[in-house]
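As structure tokens, the structure follows; a few thoughts come after it.
The values are calculated or read from the model by the stated rules, or taken from the named source; none is laboratory data. Keep in mind that what you see is a predicted model, and the values were worked out from it rather than measured. Note that we place each Cβ from the backbone using ideal geometry, even for glycine, and neighbour counts take in every protein chain shown. Just the protein is used for accessible areas: all its heavy atoms, side chains included, with ligands, DNA and RNA removed. Shrake-Rupley method; radii C 1.70, N 1.55, O 1.52, S 1.80 Å.
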Amino acid sequence: MAFDFLKRVFTFDQVPPETPAAPPADARAPDAAPTVESAPQIPTPAAEDAKAFEPSDAIADAALPVADDPVLAEEIATAGGPAADDDASEDDADENDEPLLPLPAAEEIGDLGIVPLSLLEAEAALAPGESPTADLDRQRDLSALPAGFATGPAPEPEAAPETERLTWFQRLRAGLSRTSSQLTGQITALFTKRKLDDATLEELEDLLIQADLGVETALRITDTLASERYGRDVSGADVSRIMANEITKVLAPVAKPLQLDLNHRPHVILVVGVNGTGKTTTIGKLAAKLSGAGLKVMLAAGDTFRAAAIEQLKIWADRTNSHIVSSKLGADAAGLAYEAFEEARRQKSDVLIIDTAGRLQNRTELMAELEKIVRVLGKLDPDAPHTVLQTLDATTGQNALNQVEIFRNVAGVNGLIMTKLDGTARGGILVAISAKHKLPVYFIGVGEGIDDLEPFEAQEFAEAIAGIAE
């Protein structure tokens, strides 16, 4: 059959010329003259080659078609392959050709990499989003087993690991670990097998001053230690206990809650500080606490020099369900404070918290802008701003003393918030500031989380610095 297909499709170069067929011998006219036999011809090499390309009798009988295109038009229209052979061509097929095997059914050719039709129909019947293995994923009911069978004990579910949350004192102690570990280690080494004398007291005083506790607090600690243990053996635990007591005495008067005078609405809180002390983050945490207590809070993005501060405050406003007043980058901060106050008064907000741009205390022109904000608010309300909070970076050290003094003189700071007590802090500076300026310390922060700002507790802070366990 395959050879027959080739005969019907392809033509050969040597095509016999179309000559009229000679009549059979018995059909000649009766009066025709008898033919004369010609002499035999000697075959030439060219004749031999031509004879080799002459079609056989079987090919001649098939009446091969001659076409300009080797593929017939009727076969081009047959998408499934060549047209079926006619009866005449089938008779001329080679008797030795083996019959072709029938194609296997669609369900039997899965091994050839073809997806069975039944599987495609099953997938098409699945609901949207349903897995083909949904039946296998379902929990099987193994309770009704045949008689004589039993299931093993069900595996116990694994208990989820409990994440123990640190207490506030533990987080505070971890934040002050740098100060406490260094100080207690030096104190322990100082008083090992040594009686308390004047030289020892002087060395202890130097250690306390190096820990940023300040001269006044250092003298209080050494005086109390000398009055109790002079000339006697002293251990590091004795020194830590006395140090914690004396630091508590210094911090207790400044550990106060932030009072809000809601008789004057809005209560204006102005937040100031140098660059990078966490003003914007602290404002967001304060807004979360106040709005969580049911107060209506409005925020003012007064740091118009930094686009990131404006966007950050907008995020905090969304998180705390607070209103926000902002302007374009580079706008006048005092004018924005004026608009925010008027808007808070119109919306009858309870608290208005105003952010300001970070500025170094030695930049006179920047401190003059801060003073202008205070004057503008004072024209709207003689008592505004009612609270001026300064944020202090716990990693700053002795420079924080100078910051508090200048901001207090320019903006009228009347409260402090210590931030970034995160393990690298030198928290002893808060003791020195409290001893010198006597300003209230309202909150301290130990991280970036919304719950990492807590009211200041003098005794807990003192024990954390002294390294006394809870």
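Residue 419: accessible area at probe 1.4 Å, nearest 10 Å²?
Approximately 10 Å² for this residue.
Order 232, 346, most accessible first, counting only protein heavy atoms with a 1.4 angstrom probe.
Order by accessible area, largest first: 346, 232.
Could you point to the residue in 449, 382, 415 farthest towards the positive end of segment 337-470's charge dipole, with +1 and -1 charges on the Cβ of Lys/Arg and Asp/Glu respectively?
382
Which value, in Å to one decimal place, does the Kirkwood hydrodynamic radius take for segment 256-412 when every pair of different Cα atoms is included?
For segment 256-412, the Kirkwood estimate is 15.5 Å.
How many percent of the accessible area of segment 179-303 is carbon or sulfur, using a 1.4 Å probe?
The value for segment 179-303 is 49 percent carbon and sulfur by accessible area.
Roughly how many Å² is the accessible area per residue of segment 343-433, as a whole number, for a 1.4 Å probe?
38 Å²
Taking R0 as 60 Å, what's the FRET efficiency between residue 197 and residue 363 from their Cβ-Cβ distance, rounded to 0.05?
Approximately 0.80, to the nearest 0.05.
Amide H to amide H under 5 Å from residue 234: which residues, 5+ apart in sequence or cross-chain, H placed 1.01 Å off N in plane?
194, 196
For residue 456, list long-range residues whose amide hydrogen, built 1.01 Å from N in the peptide plane, is under 5 Å from its own amide hydrogen.
443, 444
Collect residues whose amide H, placed 1.01 Å from N in the peptide plane, falls under 5 Å from the amide H of residue 272; neighbours closer than 5 in sequence don't count.
Hits under the 5 Å cutoff: 389, 390, 391.
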